[in-house]
Amino acid sequence: MPYDPEKIEKKWQAIWEKTGIFHAKENKEKKKFYGLVEFPYPSGDGLHTGHPRSYTAMDIICRKRRMEGYSVLYPIGFDSFGLPTENYAIKRKVNPKIITKENIAIFTRQLKSLGFSFDWSRVLSTSDPEYYKWTQWIFLQLFKHGLAYKAKENINWCTSCKIGLANEEVVGGVCERCGSEVIKKEREQWILKITKYADRLIDDLKNVDYLDRIKNQQINWIGRSEGASIKFEIRNQKSETISNNLNPNDQNYLEVFTTRADTIFGATFLVIAPDHSLIVNSESLIENYEEIEKYISDIKKASPRLVNLGLKKTGVEIKGIKAINPATKKEIPVFIADYVSMDYGTGAIMAVPGHDTRDYAFAKRYNLPIEIVVKPTDDLKSEIRNPKSETNSKFKIQNSNFAESEAYEGDGININSGFLNGLETKEAQKKIIAWLKENKLGDKTINYHLRDWIFSRQRYWGEPIPLIFCPKCKKLMENTKYEIRNTKHNEGEILNPGWVAVPEKDLPIELPEIKDFIPTKDGDSPLAKAKDWVKVKCPKCGCEARRETDVMPNWAGSNWYYIAYTISENSKFEIRNTKQMKYWTPVDWYNGGMEHTTLHLLYSRFIYKFLYDIGAVPRECGPEPYKKRTAHGMILGEGGIKMSKSKGNVINPDDYVKEYGADTVRLYEMFMGPFDQAIPWEGKSVIGVNRFLSRVWDLGESVKLKAKSEKHGSKIQGQESKDLERLLNQTIKKVGEDIEQMKFNTAVSQMMIFLNEIEKAKDLAQEVFEKFLIILSPFAPHITEELYQLLKSEIRNPKSETNSNFRSISEEPWPKYDEKLIKKDVFSLVVQVNGKVREMIECPIGISESEAKEKALSSSKIIGWTRDKEIVKVIYVQDKLINFVVK
RNA sequence: GCCGCGGUGGCGGAACUGGUAUACGCGAAAGACUUAAAAUCUUUUGGGCUUAUGUCCGUGUGGGUUCGAGUCCCACCCGCGGCACCA
């Protein structure tokens, strides 16, 4: 019978499902293993090749863990809120709920066809009200603990569609759908205080096992930078302090942030962001207000992309006011320029053109003074150490005129810096910060690149934000004294007057049924159109109030799905069911795409930490959700080009499953190349692993035949069997180790080598072949199950697969290898002359140096190379190599 | 500009701690089986010179360290991914 994957794969998938052998059980007797993969977004395009790559890899690991005796949780679900579905709904006027249901059905069929050992009893979907009930609950906790606030933020606004766009929908400064210009528009948004957790999100990375590049990305994204905030006094043109109130918090001081406080003596002007409040607050003092207004409006017109190129540095001096450099006491001009942004630091900088490239470019353009206050240390040191060296003179030439061509941004020794002269950068920083603090002009400050998280979308297909706005409560709140407020209200209500949390018993707040999913012309969520839904009684005072109509972003559901799996029961969740959570959390191994290693990973870590802080996640689970995080490389189209619908090079795994079977697709995706790297899909190479499986099949059948005809014993005898046994042990070792390191490609290659050998063997013991099937089974579960049951069918009734006698290959213990059996007794000694391989000699393991030398030197080839020459040196590596250095 | 990853046959790739470069697979060529094709099996497959022996060259480029470098060091080139006027 030839290998027929279609027949056997369907059969086994049905049996596995019926017997429920992959259902996770909280078995206290066993160690647990929680393997997690990123759940898919059920798009209309179906599964793509990237999904099986990650899912097969984790499936292999989970299957191996089960065989090693762990109780394993390997769940799957659907991240089913999202823009593509909503956009499709707008176009076709179908409720996204219906489309999502259809897509999930397609994904489920596809995933099941690949034979993953998921616990399907725990499947979840983020758009299911039973699920988003708890997504909303989590939001309410954030609100109550003062981590959610409403504030005006700039959003992307398509001038043609008249709707707000997500960042992903803005491509090159234009709307992804219509190609029109996208501008920034201010809107009130719910924002989460993720920055409060910034330090912990960096520090706790020390205690988790993430790939280094993932850790780096997280750290860079948070972008912590230590520096100082410094207050510069602002005076009007008569050199008078603007107001006589000398409170440094007042507007007569301009606060800047810098990481190089040590260069303060070189600060020859200040620059503020175009939207800095100083402009509005000091309007009466500014002589060229009109010019500045014009500049600001010009900037808004310029495409943000062009500004970002950083080629042009433009700005306008604010006439009528001056700043005082607190170190030099000199009056310096203040500029407004678009190279300083309000989003970072204080929206104002002290410009040190001598030591900052941007300030330098700006100073050159507007003819501003450039002071050199730091001398490179290397220069000084190497001059002392080696005054005549060539590299040094080159360095000197470079540095003698560095002020004329560019700014020196490195560390060094302070010069022209008053009391900082002669200090090295780090010391100078300490000293100046101490000095600033003493004079109440500044202090050490930490800034983050990470911004607070805008958590609302003016969309339909997302979780409704469970808050109600009550105008009466707002008034009441404003008239209430601070102390009373504090005792009567939660932090969220104090922070956001008038906003009231939906009572927990009313959750979930389900999405209302509407017909038109386009956002309103004012940019409000389409939910605003559901008037009956919006109108609601205030849960606090019973007055007329309205619901929040914004929904949560697509990240909301994926923030806690790994917790949801652990507490899922019949598609219901109870977050207070901490017993199950305690058993499974944290996730032991999480694999996913590199594209999610910044946002999703950071967001979900933040939410987890918050839940941990408020006790929703028990202490025992620890402060981090994922113990280990790895990432797979992207699968590219043929020829190494990114797959995309527009290029028409998208590979549908379904086609390959149909043609070759799931085992072949699984094995190919593991074999195609290094797991963590981007790899092009090569349709014609798939045949290679398919051939391999066919040969496994044929061999399995012949082993069975032989067993039947001869009642073949499984004793291993003779040299051939000895070699086979060694190879088997080697293979068990290599495959096991490679799986742990996610080097699946070399694991498969080792199994191919093994097959190539056992095919040649005249006398293959069934026992050897069975072990091979077991280690192959996590990769190709269907074919190995079929063959395994076939071989065992003499002992067991083949028709008893569904009864209690049935023992799946996936329940067999992972084979052990014997290190002693791997060791060979002979090896090829590599003989080199002057580092070049000249001969190989079979030698017994453990041969002594003198013996090896004698053997090597008696070889005719080596004699040819060493004749008439003097052997200067002999390098000997035990059981490996001997090298003669000759002259 | 910054951070990260990578560059090895016709192609995907392998190579432990510096010790036989090109494992495994694809493709290609030749042969076997077949009326024929497909499938399968066997052999060959980095380049040059040479009759096979053999020998020289060869892991992006140029240097270096070493008995010995794909692997380590220095300088550079190219490709990919992410961030980007971060003060």
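The values are calculated or read from the model by the stated rules, or taken from the named source; none is laboratory data. Fair warning: this is a prediction, and the values are worked out from it, not measured in the lab. Note: ideal-geometry Cβ built from the backbone for every residue, glycine included; neighbour counts use all protein chains shown.
Which of the residues belonging to region A:503-519 are touching a residue at least 12 places away in the same chain (Cβ under 8 Å) and over 33 Å from the mean Cα position of the chain (by Cα)? Spell out how you get there, then give the answer.
At the first step, the residues of region A:503-519 found to be touching a residue at least 12 places away in the same chain (Cβ under 8 Å) are A:503-504, A:506-519.
A:P503, A:D506, A:P512, A:E513, A:I514, A:K515, A:D516 - these are the residues of region A:503-519 that are touching a residue at least 12 places away in the same chain (Cβ under 8 Å) and over 33 Å from the mean Cα position of the chain (by Cα).
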> For residues in region A:271-319 being within 16 Å of RNA strand B (Cβ to nearest atom) and charged (D, E, K, R), which is modelled with the lowest pLDDT?
Replying inline: A:R305
> Pick from region A:578-621 the residues that are more than 16 Å from RNA strand B (Cβ to nearest atom) and in a loop (DSSP other than H, G, I, E, B): which of them is nearest to A:S568 (Cα to Cα)?
Replying inline: A:T585
> What residue, of A:I635, A:I651, A:I607, A:I614, is farther than 29 Å from A:R65 by Cβ, surrounded by 16 or more Cβ atoms within 10 Å (Cβ to Cβ) and either touching a helix residue (DSSP H, G or I) at 6+ places or on another chain (Cβ under 8 Å) or basic (K, R) (or both)?
Replying inline: A:I651
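Quick one: is A:I739 more than 32 Å from the chain's Cα centre (by Cα), at pLDDT 95 or above and more than 10 Å from RNA strand B (Cβ to nearest atom)? Please lay out each step first, then the result.
Details: more than 32 Å from the chain's Cα centre (by Cα): no; at pLDDT 95 or above: yes; more than 10 Å from RNA strand B (Cβ to nearest atom): yes.
No.
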>> Return the residues of region A:825-838 that are part of a loop (DSSP other than H, G, I, E, B) and surrounded by 12 or more Cβ atoms within 10 Å (Cβ to Cβ); say none if nothing qualifies.
In response: A:N834
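So that you can scan it fast, the table gives a plain yes or no per residue for (1) touching a Phe, Trp or Tyr at 6+ places or on another chain (Cβ under 8 Å); (2) under 27 Å from A:G44 (Cα atoms):
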| site | (1), (2) |
| --- | --- |
| A:C621 | yes, no |
| A:Y626 | yes, no |
| A:A631 | no, yes |
| A:K642 | no, yes |
| A:I651 | yes, yes |
| A:V657 | no, yes |
> Could you list, in sequence order, the residues of region A:839-887 that are farther than 22 Å from A:I822 by Cβ, loosely packed, with under 11 Cβ neighbours inside 10 Å and touching a strand residue (DSSP E or B) at 6+ places or on another chain (Cβ under 6 Å)?
Replying inline: A:V872, A:K873, A:K887
>> For the condition touching a residue at least 40 places away in the same chain (Cβ under 8 Å), in a helix (DSSP H, G or I) and not aliphatic (A, V, I, L, M), what is the one hit in A:G673, A:G639?
In response: A:G639
>> Looking only at region A:7-37, filter to residues that are in contact with a helix residue (DSSP H, G or I) (Cβ under 6 Å, 6 or more places away or on another chain) and in a loop (DSSP other than H, G, I, E, B); which one of those is modelled with the lowest pLDDT?
In response: A:E26
> Consider A:Y656 against the criteria (1) surrounded by 14 or more Cβ atoms within 10 Å (Cβ to Cβ); (2) more than 30 Å from A:H145 (Cα to Cα); (3) touching a Leu at 6+ places or on another chain (Cβ under 9 Å): it satisfies all of them except one. Which criterion is unmet?
Replying inline: (3)
> Are there any pairs with C-beta distances below 6 angstrom linking a residue in region A:656-667 that is among the small types (G, A, S) to a residue that is modelled with pLDDT of 95 or more and part of a loop (DSSP other than H, G, I, E, B), with the two at least 6 apart or on different chains, and if so which?
Replying inline: A:A662/A:L114; A:A662/A:G115
> Identify, please: which residue in region A:514-551 is of a type in the set (A, V, I, L, M) and in contact with a Lys or Arg (Cβ under 7 Å, 6 or more places away or on another chain) and is, among those, surrounded by the fewest Cβ atoms within 10 Å (Cβ to Cβ)?
Replying inline: A:I514
> Applying the selection to region A:60-87, what residues are within 23 Å of the chain's Cα centre (by Cα), more than 13 Å from A:H632 (Cβ to Cβ) and in a helix (DSSP H, G or I)?
Replying inline: A:C62, A:L83, A:P84
> Of all residues in region A:163-181, which are surrounded by 14 or more Cβ atoms within 10 Å (Cβ to Cβ) and either out of contact with any Ser or Thr (no Cβ under 7 Å at 6 or more places or on another chain) or modelled with pLDDT of 75 or more (or both)?
Replying inline: A:I163, A:G164, A:L165, A:A166, A:E169, A:V170, A:E176, A:R177
>> If I ask for residues that are charged (D, E, K, R), within 13 Å of RNA strand B (Cβ to nearest atom) and either closer than 30 Å to A:L450 by Cα or part of a loop (DSSP other than H, G, I, E, B) (or both), which ones from region A:339-379 would you list?
In response: A:D343, A:D356, A:R358, A:D359
>> So in region A:558-577, with the set limited to residues that are among the hydroxyl-bearing types (S, T, Y) and surrounded by 21 or more Cβ atoms within 10 Å (Cβ to Cβ), which one is farthest from RNA strand B (Cβ to nearest atom)?
In response: A:S568
> Just checking, how many residues over region A:53-108 are surrounded by fewer than 20 Cβ atoms within 10 Å (Cβ to Cβ) and among the small types (G, A, S)?
Replying inline: 3
> Inside region A:453-495, can you point out the residues that are farther than 22 Å from A:K193 by Cα, out of contact with any His (no Cβ under 9 Å at 6 or more places or on another chain), of a type in the set (S, T, Y) and part of a loop (DSSP other than H, G, I, E, B)?
Replying inline: A:Y460
